[in-house]
Structures are given as C-alpha cells and as structure tokens.
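Report on the structure given below.
Computed from the coordinates by the stated procedures, all read-outs in this text should not be read as laboratory data. All of these numbers come straight from a predicted model, not from anything done at the bench. Heads up, the Cβs are rebuilt from the backbone with ideal geometry, glycines too, and the neighbour counts pull from every protein chain shown.
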Amino acid sequence: MVSEKMKPFMANNSAIRAMFEEGKRMAAIYGSENVYDFSLGNPNVPVPEVNDALLHVINEGEFNVLHGYMSNAGYEDVRQTIAESLNKKFGTSFSYKNLIMTVGAASGLNVILKSILNPGDEVIAFAPYFVEYNGYVRNYDGNIVVVSPDTETFMPKLSEFEEKITPKTKAVIINSPNNPTGVVYSEETLMELAAIMKKKEEEYGTSIVLLSDEPYRELAYGGVEVPYVTKYYHNTVVCYSYSKSLSVPGERIGYLVIPDEVDDSELLISAATIANRVLGCVNAPSLMQKAIKYCIDHDITVDLEAYENNRNLLYNALTEYGFSCAKPDGAFYLFVKSPVADEKEFCEVAKKHHVLFVPGSSFACPGYVRIAYCVSYAQIERSLPAFKEIAKEYGLTD
Ligand code: PLP
C-alpha cells in the first residue's frame, strides 16, 4: 500500500520526534518535574497578546470573509502590512505582491522548492542543518548537497561551498539564527556567500536561488544584528515563520518574500501562489493571517529576556562543568561537543540521568548534541545537578 517514494521518509523518521516521545514516556513514569527534556524546539514563552488579537479578529470580522476562501497568496491587507513593516525595519521596498502567506516555514520551503526544482536539481545546505530539508528537497525529486561543518565557528565553509556549486545547483538554503547551533551569520559572511553565488551564476549562465529560512529571525540576543538577506543577493527568497517569534508553532503561519529583483520574479510569484494551492495548503489559515496583522499593528512579539536568561544559565553551567560549546547569539539551542566520539552514546548516558537531548547526526553533524533550552528557567535549574553528574561520569569535572 505505502508508496516506494514514501518508504525512505519513514525509515528516516526524525530522531528529534523519537526523543520527544521518549520524554513523554519517561515523564509518565518518573513525573514530569523529574525528566529534563531538551529535545524539541517548542517555544515555551507565552505571548498572551496573540489571544487578544484572535479575540479581536473574531469579534470584529465578518463571518464569511473571516472563514471563507481567499486568494491563494493570502489577504492583501495582511501582506501589505507585513511588507510595510519589513520596509520600515530593513529599508526594503516590498509590496503585498512580493508576499505569499504560507502554512509556516515548512510549507513556505515546500512551496518554493516545488516552484523551482526539476528532477535531479541540486540544493545545497550547510551542516549542521535542519534535516527536514532533506525530505522537502526529495519531495520534488531534487538532491540535497551538504557542505561539511566548520566546527570552529559553525559559519558556512565557503571554499567547500564554492567547489560544490555545479550547473545543476538550483538553490542554497541558509538559516540564521541557526538551528541547531544558534549562530548568526554576519554581514561579511553573507556578502562573501553572495559574491560566490553571483560568480557561479555568471559562469554557468544559471539562476541560483538563495533560500533564507528565518523562523528564528527575532531571536537574537545582546543586540546582535541579523542582516536582511535580500540586500546582499538578488535571487533571494525569504521563508519566514511566526512559530517562534509569537510562540504559535501549532497555528502554522508564515510567509514567503519574493522580491522584484529575483530573476523572472512575476513568474516565480505566480508559480509559488499556484504551488500553495496544488500542494493542498490552498492558503494560510485566515484567522491567523488577520491576527498577524493585529500583532504587527500593536508591536506584539515574544519577550526575549526569558530565552536569554535560559541561555546564560545553561551555557555558564555547562561550560563550568567542562562541556565544550560556543556561546550562541540566537535561536534557543546550545550545540555541545560530545565528550565521546559517538554522540548517540552520550545521549544514552544522559538519558540515564533523565536528561534528553538530540544527537548531532540528526543535523548532519555527528559528534555534537543539540540542547533546546526553550523550557522554564526552573527546569534548567533543576536539571543542573544531573548535568554535573553526567560531566563527572566523563571525568570533565570533580
Ligand atoms: N526551519 C527551521 C530551521 C526550523 O527549526 C523549523 C522548525 O523548528 C522550521 C523551518 C519549520 O518551522 P514552521 O513551524 O514555521 O514550519
């Protein structure tokens, strides 16, 4: 019954999800306060104003407009509000025509990949990366090409990148602030990356799309700037999501930006609008679209302080216990070097201490683990003795 195309997806079913399920199982046995589950990137900081936005929209909206079909690209007034807020923040010049509302970043990525990939086309990703990209690319018979990690900085390895671009390269995916490392790409890095891509486009006479996957854009700490990628490279498409910035991943809302500077932009916008429909998304959820407009009009976004405090608490404790980890500037993850070569073994040892996190091989970067600190401060405090015991077990601390 199950298709041949589906089978590899099932075989690779996410280790992150498996760990999350394990966390639930352990919580039922030991009590949730005694299990320290750092496996899933599920935002834990409430944004109660989103509920105000939804109530406002429900109370003010006309039933059949609010709950009806609409243009596949989404409500024009919502897209125009987003375009203007981007223009104000980043000095861009988008209009509603450049935006397509999507069912989160996951659907945005699928919509754009469906719109551009022919079978056998290549899509480059920089390890470590969000492995769902593999499935998204395979959906349209593309091949993912991985640039190996620079484990010193976790910035893209640009020399290897240049070597891996071929006439078949159709897209390059970047993600900053990054899942799983928390690294934020600097302006200099983006400029170098853009220069390489332009050079290769000219050499091969092709168009190469830079897909900027940005669910963590607002999650940057200590005043670190997250440069707006469309400024550096003409063929940039932005995949944004409100999952993390409004703590609403279950609501499935985001958008694509396809700027006028993109080659054949009108054609691509039209293809993506149709891809949204033929993929079965049809359009992004109407209620959430209207709620997003309200949130932008009222400057509503997540309070970053809680995540920053979590980062500081966990980073300071883990490094004090002898673990090795770069201090992340954004997102809500620590990417920690495993004290043993096989990081899956490290995960198993941690599990014995009721601490759950995800092996780096799930992000094409073995030898590391991802610790998602989007949990309560109190839970991190409670987990520290367990982390210390794990460190002792590996002889990292006394
Ligand atoms: N891209 C990255 C890097 C992510 O970490 C995630 C979710 O965690 C997504 C895309 C998908 O986000 P969404 O919930 O908006 O579909």
Farthest toward the dipole's positive end in the chain, which of Pro259, Asn110, Gly91, given Cβ charges of +1 (Lys, Arg) and -1 (Asp, Glu) about the Cα centre?
Asn110
Between Phe90, Phe130, Phe346, find the one with the highest GNM mean-square fluctuation for the chain; connect C-alpha pairs within less than 10 Å.
Phe90
Pick from Asn235, Asn143, Asn309: which residue has the top mean-square fluctuation in a GNM of the chain where Cα pairs under 10 Å get a spring?
Asn309
Check: C-alpha center region 272-344 vs C-alpha center region 365-384, spacing in Å is 13 Å
Given H placed 1.01 Å from N in the peptide plane, which residues other than close sequence neighbours of Thr397 have an amide H under 5 Å from its amide H?
Lys392
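Normalised by the number of residues in region 143-189, what is the relative contact order in percent for Cα pairs under 8 Å and 6+ residues apart?
Working: 27 pairs, mean separation 13.9, N = 47.
Worked out over region 143-189, it gives 30 percent.
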Kindly count the pairs of lysines across region 299-392 whose alpha carbons are less than 14 Å apart, treating pairs on different chains or eight or more residues apart as eligible.
5
Treating the beta-carbon of each Lys and Arg as +1 and of each Asp and Glu as -1, no other charges, what is the dipole magnitude of region 62-118 about its Cα centre, to the nearest 20 debye?
260 debye
Might you report the magnitude of the Cβ-based charge dipole of the chain about its Cα centre, with Lys and Arg at +1 and Asp and Glu at -1, to the nearest 20 debye?
880 debye
Whole-number percent relative contact order across the chain, with pairs defined as alpha carbons under 8 Å at least 6 apart
24 percent
Through the Karplus equation 6.51 cos²θ - 1.76 cosθ + 1.60, θ set to phi - 60°, convert the phi angles of region 62-75 into ³J(HN,Hα) values in whole Hz; use x for Gly and Pro.
8, 3, 6, 6, 5, 9, x, 5, 8, 4, 4, 7, x, 5
antiparallel share of DSSP beta bridges within the chain, to nearest 5, in %, is 45 percent
If the elastic network links every pair of Cα atoms under 10 Å, which of Gly223, Gly254, Gly360 fluctuates the most in the Gaussian network model of the chain?
Gly223
Ignoring trypsin sites (Lys or Arg not before Pro) buried by more than 15 other Cβ within 10 Å or outside DSSP loops, the longest site-free run in the chain is 169-398
To check you understand DSSP bridge types, tell me what percent of the beta bridges within region 176-299 (both residues inside) are antiparallel, rounded to 5.
45 percent
Taking Met10, Met288 and counting other beta carbon atoms within 10 angstrom, the fewest-first order is Met10, Met288
Check cross-link reach from Lys114 to the lysines: straight Cα distance under 25 Å, and skip same-chain residues fewer than eight apart.
Lys5, Lys7, Lys97, Lys164, Lys168, Lys170, Lys198, Lys200, Lys231, Lys244
Helix-only [θ]222 nm of the chain, DSSP H runs n ≥ 4, -39500 (n - 2.57) each, per residue, nearest 500
-13000 deg cm²/dmol
Rank Gly222, Met70, Leu246 by how far each Cα sits towards the positive end of the charge dipole of region 49-297 (+1 on Lys, Arg Cβ; -1 on Asp, Glu Cβ) and give me just the farthest.
Met70
What distance in nm separates the simple spin-label points at Glu160 and Ala11, each placed 7 Å from Cα in the Cβ direction?
2.4 nm
The extension gain from Ser3 to Glu393, computed as 0.36 nm times the residue separation minus the Cα-Cα distance, is 135.9 nm
